[in-house]
1. Taking only the stretch 77-87 into account, find how many residues are open to solvent by 40 Å² or more (accessible area, probe 1.4 Å) and part of a helix (DSSP H, G or I).
2. Look through the stretch 107-121, keep the residues that are part of a loop (DSSP other than H, G, I, E, B) and touching a helix residue (DSSP H, G or I) at 6+ places or on another chain (Cβ under 7 Å), and return whichever of them is most open to solvent (accessible area, probe 1.4 Å).
3. For the stretch 1-27: of the residues being open to solvent by 10 Å² or more (accessible area, probe 1.4 Å) and among the polar types (S, T, N, Q), which is farthest from Val105 (Cα to Cα)?
4. Considering only residues of the stretch 28-43 that are closer than 14 Å to Tyr56 by Cβ and out of contact with any Asp or Glu (no Cβ under 8 Å at 6 or more places or on another chain), which is surrounded by the fewest Cβ atoms within 10 Å (Cβ to Cβ)?
5. Using the structure shown, decide if Gly90 is of a type outside the set (Phe, Trp, Tyr), closer than 19 Å to Tyr128 by Cα and either open to solvent by less than 50 Å² (accessible area, probe 1.4 Å) or not in a loop (DSSP other than H, G, I, E, B) (or both).
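The values are calculated or read from the model by the stated rules, or taken from the named source; none is laboratory data. Keep in mind that this is a model prediction, so the values were computed, not measured. Don't worry about glycine lacking a Cβ; one is built from the backbone with ideal geometry, like all the others, and counts go over all protein chains shown. Please note that ligands, DNA and RNA were not included when accessible areas were found on the heavy atoms of the full protein model with its side chains. Shrake-Rupley method; radii C 1.70, N 1.55, O 1.52, S 1.80 Å.
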Amino acid sequence: EYLTMFRERGSRVCLVGGQSTEVEAAKAKLRDEFPGINIVAAYPGFDDGPANAHDYVIESGAEYVLAGMGMGRQEKFLLKLRQAGWTGSGICVGAFFDRLARPEVDYPAWSVRLNMRFLGNITRRPLYYLKRYGVDYLPFLKQYVAHLTGRDGD
């Protein structure tokens with residue numbers, strides 16, 4: 001597991017994602033569960049977070065960034081971070097920080113069994129997740145379909 005590796009190597013880790021309360025709670029939980037892990041910074045991934053986080057990550061000296069902003073956003077963030085001159089490694093962790101911060105909010109068992117956790121999300125918060133999946137992820141889905149059909153090089 002990469003968290004154990006970070007701790008054993010003394011790697012400098014930055015968390016970027018979630019709301020400020022979630023990312024701070026996730027940082028505390030990771031420090032409890034992986035004593036000695038070197039989390040040098042934690043920054044929210046929403047609101048003005050991504051716009052300001054690039055310099056923040058670079059200044060922190062982080063070797064690794066765990067980006068938890070949801071599909072599409074976290075990848076764009078890490079690409080822009082690389083373009084800003086950061087030379088570390090990024091790992092996309094989706095809703096990992098939210099799950100750490102609020103373990104009581106879990107996927108419904110049926111959605112886990114079907115391996116369709118996104119449907120479980122929709123049943124819990126329909127307006128939020130329908131917008132996120134239907135609007136925010138649409139550019140990614142279009143690129144993915146173009147790739148699958150061999151039209152991405154046109």
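1. Taking the stretch 77-87 as the starting set, the residues that turn out to be open to solvent by 40 Å² or more (accessible area, probe 1.4 Å) are 79-80, 82-85, 87.
After this cut, where a residue has to be part of a helix (DSSP H, G or I) as well, the list is 79-80, 82-83.
Residues in the stretch 77-87 being open to solvent by 40 Å² or more (accessible area, probe 1.4 Å) and part of a helix (DSSP H, G or I): 4 in total.
2. Just the residues of the stretch 107-121 that are part of a loop (DSSP other than H, G, I, E, B), to begin with: 107-108, 114-116.
Those left that are additionally touching a helix residue (DSSP H, G or I) at 6+ places or on another chain (Cβ under 7 Å): 107-108.
Working: Tyr107: 57, Pro108: 29 Å².
Within the stretch 107-121, the match that is most open to solvent (accessible area, probe 1.4 Å) is Tyr107.
3. Checked the stretch 1-27; the qualifying residue farthest from Val105 (Cα to Cα) is Thr4.
4. Per the criteria, the residue is Val40.
5. no
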